[in-house]
Amino acid sequence: MIDRESRMKILVIGSGGREHTLVWKIKQSPLASQIFCAPGNAGIATLAPCVDIKADDIQGLLAFAKGQAVDLTVVGPEAPLVAGIVDEFQKAGLKIFGPTRAAAQLEGSKAFAKEFMRRYRIPTADFQIFSDVNKAHHVLRVLRKEDYPVVVKADGLAAGKGVMICHNEPETETALVDILDKKIFKEAGNKIIVEECLKGEEVSILALCDGKSFVMLEPSQDHKRAFDNDEGPNTGGMGAYSPVPAVSPELIERISQEILEPTLRGMAKDGIPFQGVLYAGLMLTKEGPKVLEFNVRFGDPETEVILPRLKDDLIDLMLACCEGQIASRELHWERGSALCVVLASGGYPGDYETGKEIRGLNDILDPQTLIFHAGTKNLNSHLLTSGGRVLVVTGLGNTLPEASQHAYARVNRIHFEKSFFRKDIGAKAMKIVTRPI
Ligand code: AMP
Ligand code: GLY
């Protein structure tokens, strides 16, 4: 048990908008004395010292945490979790918030997650798993026209690119050959999952878990496609809002009972209790909520709209997870809504240029907006782009339209060469909210 009287040194791992939000939120905790971030970005550097150790350099991070006597490490991205950073830190006697390597398979292997869901009757799309391209051809030849579209997924981590929606037999064949034979996703494509294509609204449900119990964070909705009207390629996420009007209290109850509870129970029963953030990406289908995927970490950009409304101390909640005490916590939320817009480099999620100067960031000081850096760096006092997703602007408001107005007013003042952003974040939900009853 951590002594909550003594203040703690915290290490946050990662370098995106999610990690900027985590550092910003943790900085408000009376439990935190000092915060480090590895490797961080230009925005994070204004809040905490950034150390130049990559998020997947587990031994480097471990040496740093030992050297600085870090009391709690918080992991942002999935790669170090799937690679076993939690196991390594725990072996060294260091406290770390996140799932073990075995539990992180829920995100690290889609085949593991799908088989787990089948075993514990957790609602998800029907599926088959293949590792042999000939067997896959054979089975898929019996698909009828009305079975399309189908979704073909690489088993392992593929930076959000390993999911292909196939509308006919030739497209499916190409996906099979690309993944299983040509290995376009390398060993992440040693197995594939072919599954039913679900229809409905997508929603992200994140829960803080202690191995046996959980508390659910407010629902959010990401916008994964690059362009307006959900067109263009899938990205890491171009914007989000929270809470989600489509998710009623009854639906929350159903998601708890049909998805989160059996997942936590099943993982514990299988001897790999889940501790950390469980992120269920759901499709709200006509038959009810179904799991599209599990992630084992905070979502990005979901975190940028969830944490600004959370009133409670995040460090206390994370410690409660580490100590198996999360059931004793109740969450409290600011009223109203949050909506964020991602400013990206032209060409993202494909090739893009970096090193563009960012202007207009500090033109106004507006308490209704927050700016989180994703891909930025400082060079000779100039703020430059350094990634595909560059900045995340969060607007806060009493209503979703108000949050949207605040976010876009700020976005429109920020400029860098070849930037782009979606202009319709939250638009569908606002139609629902503002429709006369
Ligand atoms: P995943 O990485 O599995 O979440 O997939 C990325 C995105 O692909 C999801 O957010 C959905 O938009 C889409 N997707 C994945 N699986 C399905 C499915 N079975 N039916 C429809 N869309 C899907
Ligand atoms: N926003 C999607 C993700 O974090 O995976």
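The values are calculated or read from the model by the stated rules, or taken from the named source; none is laboratory data. Keep in mind that what you see is a predicted model, and the values were worked out from it rather than measured. No Cβ is skipped: glycine too gets one built from the backbone with ideal geometry, and neighbour counts run over all protein chains shown. Side chains included, ligands, DNA and RNA excluded: accessible areas come from the protein's heavy atoms. Shrake-Rupley method; radii C 1.70, N 1.55, O 1.52, S 1.80 Å.
Give the residue that is farthest from the chain's Cα centre (by Cα), with candidates limited to residues of segment 85-113 that are open to solvent by less than 10 Å² (accessible area, probe 1.4 Å) and more than 12 Å from Gly276 (Cβ to Cβ).
Phe89
Suppose we filter segment 351-402 for residues that are farther than 23 Å from Gly14 by Cα, among the hydrophobic types (A, V, I, L, M, F, W, C) and touching a residue at least 24 places away in the same chain (Cβ under 8 Å); how many remain?
Count: 3.
Test each condition in (1) over 20 Å from the mean Cα position of the chain (by Cα); (2) at pLDDT below 95 for Ile358 and report the one that comes out false.
Against the list (1) over 20 Å from the mean Cα position of the chain (by Cα); (2) at pLDDT below 95, Ile358 comes up short only on (2).
What residue, of Gly236, Gly211, Gly189, is more than 18 Å from the chain's Cα centre (by Cα), open to solvent by less than 50 Å² (accessible area, probe 1.4 Å) and closer than 29 Å to Lys311 by Cβ?
Of the residues listed, the single one that is more than 18 Å from the chain's Cα centre (by Cα), open to solvent by less than 50 Å² (accessible area, probe 1.4 Å) and closer than 29 Å to Lys311 by Cβ is Gly211.
Return a yes/no flag: does segment 233-241 have any residue that is more than 16 Å from ligand 1 (Cβ to nearest atom), at positive phi and part of a loop (DSSP other than H, G, I, E, B).
So far as segment 233-241 goes, no, none of its residues is more than 16 Å from ligand 1 (Cβ to nearest atom), at positive phi and part of a loop (DSSP other than H, G, I, E, B).
Quickly run through segment 307-339 and pick out the residues that are of a type in the set (A, V, I, L, M), open to solvent by 20 Å² or more (accessible area, probe 1.4 Å) and over 12 Å from Leu217 (Cα atoms).
Ala327
Please enumerate the residues belonging to segment 157-167 that are away from ligand 2 (no atom under 16 Å from the Cβ) and either buried (at least 20 other Cβ atoms within 10 Å of the Cβ) or over 23 Å from Lys224 (Cβ atoms) (or both).
Once the filter is applied, which keeps residues that are away from ligand 2 (no atom under 16 Å from the Cβ) and either buried (at least 20 other Cβ atoms within 10 Å of the Cβ) or over 23 Å from Lys224 (Cβ atoms) (or both), segment 157-167 yields Met164, Cys166.
Conditions first: (1) outside any loop (DSSP other than H, G, I, E, B); (2) within 16 Å of ligand 1 (Cβ to nearest atom). Cys340 passes all but one, so which condition is the exception?
It is condition (2) that Cys340 fails.
Would you please name the residue that is farthest from Glu357 (Cα to Cα), looking only at residues in segment 388-429 that are open to solvent by 30 Å² or more (accessible area, probe 1.4 Å) and of a type in the set (A, V, I, L, M)?
Looking at residues that are open to solvent by 30 Å² or more (accessible area, probe 1.4 Å) and of a type in the set (A, V, I, L, M), I get Ala427.
Residues that are open to solvent by 30 Å² or more (accessible area, probe 1.4 Å), closer than 26 Å to Arg297 by Cα and either free of Cβ contacts under 8 Å to residues at least 24 places away in the same chain or touching a helix residue (DSSP H, G or I) at 6+ places or on another chain (Cβ under 9 Å) (or both): does segment 130-151 have at least one?
No, that holds for no residue.
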